[in-house]
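**Student:** Please find one structure pasted underneath; my questions will follow.
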Amino acid sequence: MKFKAADIAQLLQGTVKGDANVEVSTLSKIEEGKEGSISFLANPKYENFIYTTQASIVIVSKDFVATDSISSTLIVVEDAYQAFTQLLQHYNTIKNNKVGIEEYSKIDSSAELGKDIYVGSFSYIGANVFIGDNVKIYPNVSIGDNVTIESNTVLHSGVQVYEGCKIGKNCIIHSNVVIGSDGFGFAPTADGSFEKIPQIGNVVIEDNVEVGSGSTIDRATMGSTIIKKGVKLDNQIQVAHNVQIGENTVIASQSGIAGSTKIGRNCMIGGQVGIVGHLTIGDFVQIQAQSGVNADVESKSQLYGSPAIDASSFRKSYVHFRKFPEIVKRIDKLEKENKQK
Amino acid sequence: MKFKAADIAQLLQGTVKGDANVEVSTLSKIEEGKEGSISFLANPKYENFIYTTQASIVIVSKDFVATDSISSTLIVVEDAYQAFTQLLQHYNTIKNNKVGIEEYSKIDSSAELGKDIYVGSFSYIGANVFIGDNVKIYPNVSIGDNVTIESNTVLHSGVQVYEGCKIGKNCIIHSNVVIGSDGFGFAPTADGSFEKIPQIGNVVIEDNVEVGSGSTIDRATMGSTIIKKGVKLDNQIQVAHNVQIGENTVIASQSGIAGSTKIGRNCMIGGQVGIVGHLTIGDFVQIQAQSGVNADVESKSQLYGSPAIDASSFRKSYVHFRKFPEIVKRIDKLEKENKQK
Amino acid sequence: MKFKAADIAQLLQGTVKGDANVEVSTLSKIEEGKEGSISFLANPKYENFIYTTQASIVIVSKDFVATDSISSTLIVVEDAYQAFTQLLQHYNTIKNNKVGIEEYSKIDSSAELGKDIYVGSFSYIGANVFIGDNVKIYPNVSIGDNVTIESNTVLHSGVQVYEGCKIGKNCIIHSNVVIGSDGFGFAPTADGSFEKIPQIGNVVIEDNVEVGSGSTIDRATMGSTIIKKGVKLDNQIQVAHNVQIGENTVIASQSGIAGSTKIGRNCMIGGQVGIVGHLTIGDFVQIQAQSGVNADVESKSQLYGSPAIDASSFRKSYVHFRKFPEIVKRIDKLEKENKQK
């Protein structure tokens, strides 16, 4: 797809300075601009690139004043960064506009389907499933019986949803995510083996949630594992049975939350963090990457370490840990001095 | 599906107290009971909920004596917890009773298929595969050539089994598990690049094993990677080539076992644990979450830390680590005192 | 498939000592040899097994001198280990020689297909995709629009490639790998929720790369996430948006690289390592398993710990950490002595 400078300026409510007929087909960073690409200048640190960039079009804010000659066509807007973001979203909307049911898909006759949905080949929709308007289901997705998927949600290829789970509106579920697999629950028996505890709950994902590729969210033993609205989960995250994650909490890649733990709202959790089961984590908590949380956490706490302690305390202790050989030498010296007395 | 109180009582060998015709279609915790759900009271701590629950039916033990009025129908049994577990299992059996070969599945003509199997759409069964009686293969599963899957095993959607692997009876393999991918083996060459060492072994999973969603189990370089009977693996676990995991060992989510390590029986390994290659871990070993094991471990050991040491020693050292700034101040003070003398 | 000793000897340019007509159908370690298998003796430590092995054929180097009777047929070659590796590669080539487009696959009419390719059932190839000669695409693979896959590359079952990504020659991508999912980029808004930053870049994987099962590689926000030639990634590795990994770098299982970090060439990174975003890691760097890297790293450094420091310093400090209670007792004693003075 190609777009003219004039058309882009209209979309962004900006004005063209230069060739209004120049066309672009891709987006680029200003320092990597090529003919046929559109870029933007928002951070003054990058200003020097605007005089050398090969980008055909550059979006600039209205307060930008050039100090040298510029070969690119400019589109002048209120706020260059916001305008570029708007352009990105427009581009993405055009990209994700697939509609229709492709051949070799299987949809149970009892399923209820909304308008303008896309179901790719090799995707499976079980009995009594509800699919809202504008839902996009890419190829090779399996959706078990009695699942509900609300409007505007996207399931990328390879997503697996077990029966009975619910996914809200405007969610993005990336490839190979598993939703609703059995929680890890076993009762020990007399002979040392383990008997499975049936996991009959489900997973409820509220609106505006994004789940990164390869993440796994287990169904509750009873009741629901709940991901509240606005939560953003990165790739390869593990959410165990009966966990609750509060609104707008963001968790980086490869972190794991053990069973029945409740995390508050607006928390920021780094990558490769582990949180043990049956804990309560407050709101606005920040946890550094690779930390291991094994106790309840009050709101607004900042944690670090494995096991995790107050982040600033951890950093102070670690400074000494790095100098441990030196510290032990000081003790050796003190002992020597005391002996000599 | 709806079930009458009278029918459930018969299944559980209990007696109905209340309306024997009341119907339920789901299970709930007693504190979350709704009309149409069945719950149970086992833990006396929850007794007060039985007087307010909206659950249509509650299972109680025969020694339960009500101290207030109850609106739910009761089913009185020997042991309420066991009865409820029995009910769960019955419910799960009904839920997993799919039978038949769905359209758009591909089964090689040389494959041998047992009775009462289920093969979902978009599932692929290669040449010379053996599928035992009552095996359930959900949609979007790929099974390579020469694979053996014994009776009553369930493969959830998105499971990938490479050629030549063997899975025993009564196993549950959750969505997007990979069994039999190549082990990570490369030989360095003179120019700094790496040459692949072919991985020609397989994976053998014995009976009664459960593997959580997203886990990966690599095939042996030669011989077999072996998961012994009764092993329970949580989600996103990595098992490298030539690993052996002993009977009834349980491993929590996101742990990884490097190549050729042998783990004994009845071990309990926490989440996000790493175990380096070529080690021997004894029986009944317990390893705390996020530990990193880099040496052989004797039976019945308890480990913690990265690198892992005796768990109780780790905890004692960590108490001091948390007070490290204070400890260094004590040394400062001692040095000052010695100088002043 | 069965192979005669005479034929194998010809392939390996060796000579048969024993029954040239004996047939084998599988490969084994010498200590696990069974009738019908072929093994090899390279390491003198294993010599005693050659007198007892049940393997039908054993490959030996020309300088091997038997000190007892051997029942197996021998194939005498220049170098037994190299000959066996050659045999393994031959075996693997035969195993991976599937050719043709299977039924129930979907290939967009605009896709360009090379010679001798294999496309398994339930695999999806989008618009304008380029597939080079001899590419093997196993079942249940999804390839988005505008993807390029160069010659001789293998995509195992369940691989998901998002639109616009590029994969080089001679790559092996294992099951359930995700390539090109959105990077984890969100801008905070005034009400505490997060707005998605569109991710419009792609992933570029150069030649001779192997990616282990379940790994996820996110597309760049703009530009490309780049995996350079000869890189070997183990299972369940996470590579975030705009990361670059240099030539021949090897990363073990369950490690994660956060956004925009650049890793040099010929690095060796252990399992469960985390590297935070926007760092520069030099060439020939070695990082111990479970380390957490949070600062730039110079070439040839060796790191360990979380946060990671110089590996040898970490080990020295950890020796003292293990003896922390004892060290504190020494301080207690010093304080007591000073008080008594």
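**Student:** Could you list, in sequence order, all residues of region A:198-212 that are closer than 19 Å to A:GLY144 by Cα and either of a type outside the set (A, V, I, L, M) or more than 10 Å from chain B (Cβ to nearest Cβ) (or both)?
**Tutor:** Restricting attention to region A:198-212, the residues satisfying the condition of being closer than 19 Å to A:GLY144 by Cα are A:198-206, A:211.
Once the filter is applied, which keeps residues that are closer than 19 Å to A:GLY144 by Cα and either of a type outside the set (A, V, I, L, M) or more than 10 Å from chain B (Cβ to nearest Cβ) (or both), region A:198-212 yields A:PRO198, A:GLN199, A:GLY201, A:ASN202, A:VAL203, A:VAL204, A:ILE205, A:GLU206, A:VAL211.
**Student:** Now for a different question. Restricting attention to region A:230-254, report how many residues are more than 12 Å from the chain's Cα centre (by Cα) and either within 18 Å of C:PHE186 (Cβ to Cβ) or outside the structural domain of A:GLY185 (by TED's automatic domain parsing) (or both).
**Tutor:** Residues meeting the conditions: 3.
**Student:** On the given criteria, is A:SER61 within 14 Å of another protein chain (Cβ to nearest Cβ) and farther than 30 Å from B:PHE122 by Cβ?
**Tutor:** Details: within 14 Å of another protein chain (Cβ to nearest Cβ): no; farther than 30 Å from B:PHE122 by Cβ: yes.
For A:SER61, the condition - within 14 Å of another protein chain (Cβ to nearest Cβ) and farther than 30 Å from B:PHE122 by Cβ - is not met.
**Student:** Among the listed residues A:GLU195, A:GLU163, which satisfies the condition of being more than 22 Å from the chain's Cα centre (by Cα) and outside the structural domain of A:VAL250 (by TED's automatic domain parsing)?
**Tutor:** A:GLU163
**Student:** Which count do you get for residues in region B:304-341 that are aliphatic (A, V, I, L, M) and loosely packed, with under 15 Cβ neighbours inside 10 Å?
**Tutor:** Number of matching residues: 1.
**Student:** Step by step: first the residues of region A:75-120, then only those that are among the hydrophobic types (A, V, I, L, M, F, W, C) and farther than 21 Å from A:LEU27 by Cα, then the one that is nearest to the other protein chains (Cβ to nearest Cβ). Which residue is that?
**Tutor:** That would be A:ILE107.
**Student:** Here's another thing I want to ask about it. I'm told C:SER175 meets every condition in (1) more than 29 Å from A:TYR104 (Cα to Cα); (2) facing another protein chain (nearest Cβ under 7 Å) except one. Can you identify the failing condition by its number?
**Tutor:** Among (1) more than 29 Å from A:TYR104 (Cα to Cα); (2) facing another protein chain (nearest Cβ under 7 Å), the lone unmet condition for C:SER175 is (1).
**Student:** For the subset of region A:126-137 comprising residues that are free of Cβ contacts under 8 Å to residues at least 24 places away in the same chain and under 25 Å from the mean Cα position of the chain (by Cα), which member is nearest to the other protein chains (Cβ to nearest Cβ)?
**Tutor:** Initially, region A:126-137 is screened for residues free of Cβ contacts under 8 Å to residues at least 24 places away in the same chain, giving A:127-131, A:133-135, A:137.
Among the residues that remain, those that are also under 25 Å from the mean Cα position of the chain (by Cα) are: A:130-131, A:133-135, A:137.
Values: A:PHE130: 17, A:ILE131: 16, A:ASP133: 20, A:ASN134: 16, A:VAL135: 17, A:ILE137: 12 Å.
Residue satisfying both the conditions and the ranking: A:ILE137.
**Student:** While we're here: If you check C:THR225, C:THR261, C:THR216, which single one turns out to be touching a strand residue (DSSP E or B) at 6+ places or on another chain (Cβ under 8 Å) and surrounded by fewer than 24 Cβ atoms within 10 Å (Cβ to Cβ)?
**Tutor:** On the way: C:THR225 fails: surrounded by fewer than 24 Cβ atoms within 10 Å (Cβ to Cβ); C:THR216 fails: surrounded by fewer than 24 Cβ atoms within 10 Å (Cβ to Cβ).
Going through C:THR225, C:THR261, C:THR216 in turn, the sole match is C:THR261.
**Student:** Being away from chain B (no Cβ under 12 Å) and either closer than 19 Å to C:PHE314 by Cβ or not small (Gly, Ala, Ser) (or both) is the filter here; which residues of region A:290-319 pass it?
**Tutor:** Filtering region A:290-319 for residues away from chain B (no Cβ under 12 Å) gives A:295-303, A:311.
Residues satisfying the conditions are A:ASP296, A:VAL297, A:GLU298, A:LYS300, A:GLN302, A:LEU303.
**Student:** Could you tell me how many of the residues in region A:157-194 are crowded, with 21+ Cβ neighbours inside 10 Å and hydroxyl-bearing (Ser, Thr, Tyr)?
**Tutor:** Total satisfying the criteria: 4.
**Student:** Based on this model, can you work out whether A:THR53 counts as touching a Cys at 6+ places or on another chain (Cβ under 6 Å) and among the β-branched types (Val, Ile, Thr)?
**Tutor:** For A:THR53, the condition - touching a Cys at 6+ places or on another chain (Cβ under 6 Å) and among the β-branched types (Val, Ile, Thr) - is not met.
**Student:** A follow-up question, please. Would you tally the residues in region C:118-156 being among the aliphatic types (A, V, I, L, M), assigned to a loop (DSSP other than H, G, I, E, B) and crowded, with 22+ Cβ neighbours inside 10 Å?
**Tutor:** Residues that pass the stated criteria total 4.
**Student:** Taking the criterion of being of a type in the set (A, V, I, L, M), part of a strand (DSSP E or B), in contact with a Lys or Arg (Cβ under 7 Å, 6 or more places away or on another chain) and closer than 21 Å to B:ALA289 by Cβ, would at least one residue in region A:232-240 satisfy it?
**Tutor:** No, there is no match, as no residue in region A:232-240 is of a type in the set (A, V, I, L, M), part of a strand (DSSP E or B), in contact with a Lys or Arg (Cβ under 7 Å, 6 or more places away or on another chain) and closer than 21 Å to B:ALA289 by Cβ.
**Student:** Return the residues of region A:281-335 that are in a strand (DSSP E or B) and charged (D, E, K, R); say none if nothing qualifies.
**Tutor:** Of everything in region A:281-335, just one residue is in a strand (DSSP E or B) and charged (D, E, K, R), namely A:ASP310.
**Student:** If a residue must be touching a Gly at 6+ places or on another chain (Cβ under 6 Å) and either assigned to a helix (DSSP H, G or I) or of a type in the set (S, T, N, Q) (or both), how many such residues does region B:11-31 contain?
**Tutor:** Looking only at that region, the number is 1.
**Student:** Tell me yes or no: at least one residue of region B:215-236 is touching a Leu at 6+ places or on another chain (Cβ under 7 Å), closer than 18 Å to A:GLY274 by Cα, more than 9 Å from every other protein chain (Cβ to nearest Cβ) and modelled with pLDDT of 95 or more.
**Tutor:** No, region B:215-236 contains no residue that is touching a Leu at 6+ places or on another chain (Cβ under 7 Å), closer than 18 Å to A:GLY274 by Cα, more than 9 Å from every other protein chain (Cβ to nearest Cβ) and modelled with pLDDT of 95 or more.
**Student:** Mind listing whichever residues of region A:248-279 are free of Cβ contacts under 8 Å to residues at least 24 places away in the same chain, facing chain C (nearest Cβ under 10 Å) and more than 18 Å from A:TYR304 (Cα to Cα)?
**Tutor:** Hit for region A:248-279 is A:ASN248, nothing else.
The values are calculated or read from the model by the stated rules, or taken from the named source; none is laboratory data. Keep in mind that what you see is a predicted model, and the values were worked out from it rather than measured. No Cβ is skipped: glycine too gets one built from the backbone with ideal geometry, and neighbour counts run over all protein chains shown.
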